[in-house]
1. Run through the other copies and list how far each one's label point is from that of B:Glu3, in nm with one decimal, shortest first; the point sits 7 Å from Cα along Cα-Cβ.
2. Shortest first and in nm with one decimal, please list how far the A:Ala224 label point sits from its counterparts in the other copies (point 7 Å along Cα→Cβ).
3. Would you please name the trypsin sites (Lys or Arg not before Pro) within the stretch C:19-70 that are DSSP coil residues with at most 10 other C-beta atoms within 10 Å of their C-beta?
4. Compare the Cα positions of A:Ala175, A:His220, A:Val165 along the charge dipole of the stretch A:96-232 (+1 at Cβ of Lys, Arg; -1 at Cβ of Asp, Glu; about the Cα centre) and return the one farthest towards the positive end.
5. Average projected area of the Cα convex hull of the stretch A:21-100, in nm²?
6. Under the Karplus relation 6.51 cos²θ - 1.76 cosθ + 1.60, θ = phi - 60°, what is the ordered set of whole-Hz ³J(HN,Hα) values for the stretch C:148-157, x standing for Gly and Pro?
7. What average number of partner chain Cβ atoms lie no more than 10 Å from the Cβ of the residues making up A:176-188?
8. At D:Met61 and A:Ala224, where each label point lies 7 Å from the Cα along Cα→Cβ, what is the point-to-point distance in nanometres?
There are 4 protein chains.
Amino acid sequence: MLEQLKNDVCQANLQLKRNGLVIYSWGNVSGIDREKGIVAIKPSGVSYDELTAERIVLVDMNGAVVEGDMNPSSDTATHLELYRNFENIGGVCHTHSTNATIWAQACRPIPCLGTTHADYFYGDIPLTEIMKHEEIIEDYELNTGKVIVETFADIDPDQMPAVLVANHGPFTWGATADKSVESAVVLEQVAEMAMKCAVLKGELKPITSELLDKHYLRKHGKDAYYGQSKGK
Amino acid sequence: MLEQLKNDVCQANLQLKRNGLVIYSWGNVSGIDREKGIVAIKPSGVSYDELTAERIVLVDMNGAVVEGDMNPSSDTATHLELYRNFENIGGVCHTHSTNATIWAQACRPIPCLGTTHADYFYGDIPLTEIMKHEEIIEDYELNTGKVIVETFADIDPDQMPAVLVANHGPFTWGATADKSVESAVVLEQVAEMAMKCAVLKGELKPITSELLDKHYLRKHGKDAYYGQSKGK
Amino acid sequence: MLEQLKNDVCQANLQLKRNGLVIYSWGNVSGIDREKGIVAIKPSGVSYDELTAERIVLVDMNGAVVEGDMNPSSDTATHLELYRNFENIGGVCHTHSTNATIWAQACRPIPCLGTTHADYFYGDIPLTEIMKHEEIIEDYELNTGKVIVETFADIDPDQMPAVLVANHGPFTWGATADKSVESAVVLEQVAEMAMKCAVLKGELKPITSELLDKHYLRKHGKDAYYGQSKGK
Amino acid sequence: MLEQLKNDVCQANLQLKRNGLVIYSWGNVSGIDREKGIVAIKPSGVSYDELTAERIVLVDMNGAVVEGDMNPSSDTATHLELYRNFENIGGVCHTHSTNATIWAQACRPIPCLGTTHADYFYGDIPLTEIMKHEEIIEDYELNTGKVIVETFADIDPDQMPAVLVANHGPFTWGATADKSVESAVVLEQVAEMAMKCAVLKGELKPITSELLDKHYLRKHGKDAYYGQSKGK
């Protein structure tokens, strides 16, 4: 069942490898069928060379496997928590990509330093709270999802398709599994630029809100004029 | 019409991808036919895998599309402003290449620290003013061109084929679309070296004017003796 | 004799090259047959393009060549000392991979800054003492093994499959030659992240022991639930 | 004439490109036939895609072209000065490779921070004096050779096959054209490590002379035991 979704999720996972965001079996991408309430996700611990659409695991919204011979990603509970709370998203992606991860490790949000960032993310990339002892000991992956959702209490996940889990790494999302990977690729690029900016100057000063608005809004929303989908 | 120009501009755009200066549909290169007053430019939001010479858009000097089914690059107005003011240039290139962009994000010109820089750029790579509220709100892309032109009030664009737009990224140019890409590739290289120099020492001291003159002038102008075009 | 082991060790050595951890003839991987007390190791000074399973050298636990026409790696005595003292390991790997080596050169252990590190290494990557004059002058490679073993007086090599030899570079190990290379690849990744973290903040603060435990133990030991080998 | 030398020099030049040390037509490698007093060198301004053995230029020790249709490298006078003064060398290489060049731009010698460096270079990589006004104005390339030779007044070029020309970049050499490229590749690696070490700690402390001696001498000279050429 859901052959198209499984295929899309498989291809999105393979894009992680092609874009250099993962090594070995690291990282995972999922996609959701909102009507059926079923999520397709990478199997746990499988390397990308051995990944096929047939091996993509289908789980229901409680994490029970409904199709597939393999264990789903150990991060499945995090993905499900995001789908439950961010109602417009159709895909979720998790990596330990180098430059995004160092900001997570440094426990610093990524400041919006330029228009490359503003083209995709409407403000600083937020950082979760450091997880507490009891959140780690039990239901760790579910609690990872919960601290992300708490971080977005006052942030619109549709305008900010990325988060840094403190001491861990990024989760990203989008309208589809493929778009969640695009968010991850651009986040890695933006994170690299911000790290290198830190070499050039101690204090990192964000861009003005006008420039942020201009770049984000010329690509997103009803008045966007970038690309081919709208008349200019 | 202008098949050769469209083909050259298409190839120059593809060079951006091959040289690792762009991902997805980022960046754009244009070329001009000065006699006809027509500019060939990348269509907006089209990825490099799908770019063909047929898809290159032709616009007149007011930005009106004269041939092509797609919207031209959203940065077209910036390109046109450069062609109108820098009369010897035949190609313009815009990227968010990593290392050039971080200098733009840090709002710092790139100092001329060595002969690699001096071989191509006759002095520091200039930085534009930070754009003002009213310049961003309306005619943003045209105004981006205008702040670049203002930056060159006392600089010869033929000897300095690159600029950093503050908080944004580089624009480069040259005699042809292809040469504008070469300027972008070398700028990225020079920007990386200058960033890494900042790791080694706090204050960045430019090279002497003698060394700058020697290297720039042995490659450019009437007494140049590098390469095969002049007798040695 | 030991064709399978020689082939595995050859393939593991070639993985070093494919993963960008070595250039020219740098680095070496070995594997052991514990029953026979024989170690298969890369020949000295042979480039990876010319490496075949037939050229892998077999030595006994005293370093005497028991099969092969070539000299074994000049680091053979270090490998043997590790096999003698770390009884569960089946493969040893040595590289001068860029980022791991700079921590060795800086004479600093690599702090555990995030879960990427914790997934593989149970704490900071230890650094050996700086070798003394008499340890360098005579039996240098054997003494390199000895200072590594001394470093592990209070560390379990099964939970920490890597070490930095001061001013030199990393040695890694694992259950097989192939796994020793995986340790080297991940160490290089972790070392790069830690170096880049140093760009972002002066003091590097390790993650909490709860998070370290959670990530290391969900992948390793009897209660691990990552991957396909255990029921979830 | 000298077909073998021209072919070797052509292949050595192409190795520069394959190893990522050059872009466009940057860099140049030469080789010498000491008996005939003839040097084979890359033509000026020719890109690596268009380089063939037939295009390699032969010059005598005064720089006069004795075979070839093209202008020799504009750096030919520097190469010749090195051949005249460093009597054992058979090949010379010049690049603007990123990491070696930043040390030249920062006007700092590269300290010997680890055994990777010590395996190839017997001490710090020296830096020339900053060239004076009169040295730049006239006979610039010859004078570049002269300041290099002056730098080696108390250094043995056979034990130190590399130099950094202040504000410019590296020259390297070796027994053959191919070996001069190997020196350049390793220098770039060593320079990258030293730059990244500077991220980790402010002051860069060289390794002990014992460790330097051990590593340099186990690979070079009469008691070397690395590789296959000597019995162990």
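The values are calculated or read from the model by the stated rules, or taken from the named source; none is laboratory data. These figures come from a predicted structure and were not determined experimentally. Neighbour counts run over all protein chains shown; Cβ positions are idealised from the backbone, glycine included. With ligands, DNA and RNA removed, areas are computed over all heavy atoms of the protein, side chains included. Shrake-Rupley method; radii C 1.70, N 1.55, O 1.52, S 1.80 Å.
1. Spelled out, the distances from B:Glu3's label point are 4.3, 4.3, 6.1 nm.
2. 4.3, 4.3, 6.0
3. Here no loop site has a sparse enough neighbourhood.
4. The listed residue farthest towards the positive side: A:His220.
5. Projected over every direction and averaged, the Cα hull of the stretch A:21-100 covers 5.4 nm².
6. Going residue by residue, I get 5, 4, 4, 4, 9, 3, 10, 10, 8, x Hz, with x marking Gly and Pro.
7. Average per residue, whole number: 1.
8. 7.0 nm
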